[in-house]
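A quick write-up on the structure given underneath.
The values are calculated or read from the model by the stated rules, or taken from the named source; none is laboratory data. The shown structure was predicted, so the numbers you read here are calculated from the model rather than taken from an experiment. In this analysis, Cβ positions are derived from the backbone assuming ideal geometry, glycine residues included, and neighbour counts consider all displayed protein chains.
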Amino acid sequence: MIEVGILSDTHGVIHPEIVKLMNTCDFVIHAGDIIDEDSLAVLKPKQKMIAVKGNNDIYITSLGEVEMLNLPGGNIAVEHGHRHGHTQPSHGSLRQAYPNAKVIVYGHTHKQVIDKEQSTWVVNPGSAGKIRNYGAAKCLKLTIKSDQEWVIEPQIFDDVFN
């Protein structure tokens, strides 16, 4: 079994409960708008962290705009999503850009979305920070039980930061 924590749009601050959850996972994916690269230091997955730059991370030179994570049963494509529609990235455009992905992760809108209507899932973890989190910090947890069984669950935490 492999667990993947997925977060985005932290804007320099990550909810403490999300940090705890991410640090139990094998992999962590951050879909951009990190703002303060040092804020990623609290994320310590068991195997690897993958992060991409968002539209507010232009000055972060250590990150690319797209990453791929190859896992048993499929690939995960990661990007911020802002190049596929400004206010609401197009799931069709994302699927067209990554036809071989099993899951496409994007951020940008700060709104949690799990679109499993087609064979390529398109997901947005929502905002894991304080900025435009719509009353609660959010992230996703993907559990890969086998090559054929991938389960994605929304995670929502009260808007209380220590």
Ser146 of a type in the set (Gly, Ala, Ser), in contact with a helix residue (DSSP H, G or I) (Cβ under 7 Å, 6 or more places away or on another chain) and either on the phi > 0 side of the Ramachandran plot or not in a strand (DSSP E or B) (or both): no
Selection within the stretch 6-34 - under 11 Å from the mean Cα position of the chain (by Cα) and at positive phi: Asp9, Gly32, Asp33
Residues being in a loop (DSSP other than H, G, I, E, B) and within 14 Å of Ile29 (Cα to Cα) - total across the stretch 120-143: 3
State the number of residues belonging to the stretch 118-142 that are under 13 Å from Val103 (Cβ atoms), surrounded by 15 or more Cβ atoms within 10 Å (Cβ to Cβ) and not basic (Lys, Arg). 8
Could you give every pair whose Cβ atoms fall below 9 Å, whose first residue belongs to the stretch 18-38 and is over 15 Å from Glu67 (Cβ atoms) and without any contact (Cβ under 8 Å) to a residue 24 or more places away in the chain, and whose second residue is part of a loop (DSSP other than H, G, I, E, B) and of a type in the set (D, E, K, R), counting only separations of at least 6 or pairs across chains? Asn23/Lys44; Asn23/Lys46; Thr24/Lys46
Go through the stretch 46-75 and give me each residue that's closer than 22 Å to Trp121 by Cβ, assigned to a loop (DSSP other than H, G, I, E, B) and under 12 Å from the mean Cα position of the chain (by Cα). Val52, Gly54
Apart from one, (1) out of contact with any helix residue (DSSP H, G or I) (no Cβ under 7 Å at 6 or more places or on another chain); (2) over 19 Å from Gly12 (Cβ atoms) all hold for Ser127; the odd one out is (2)
Residues satisfying the stated conditions in the stretch 1-17, i.e. surrounded by fewer than 24 Cβ atoms within 10 Å (Cβ to Cβ) and under 15 Å from Glu153 (Cβ atoms): Met1, Ile2, Glu3, Glu17
Identify all residues within the stretch 76-99 that are at pLDDT 95 or above, under 15 Å from Thr120 (Cβ atoms) and under 14 Å from the mean Cα position of the chain (by Cα); write none if there are none. Ile76, Ala77, Val78, Glu79
Quick one: in the stretch 90-108, of everything that is in contact with a helix residue (DSSP H, G or I) (Cβ under 9 Å, 6 or more places away or on another chain) and part of a loop (DSSP other than H, G, I, E, B), which residue is surrounded by the most Cβ atoms within 10 Å (Cβ to Cβ)? Gly107
Can you pull out every residue in the stretch 76-87 that is in contact (Cβ under 8 Å) with a residue 12 or more places away in the chain, part of a loop (DSSP other than H, G, I, E, B) and among the small types (Gly, Ala, Ser)? Gly81
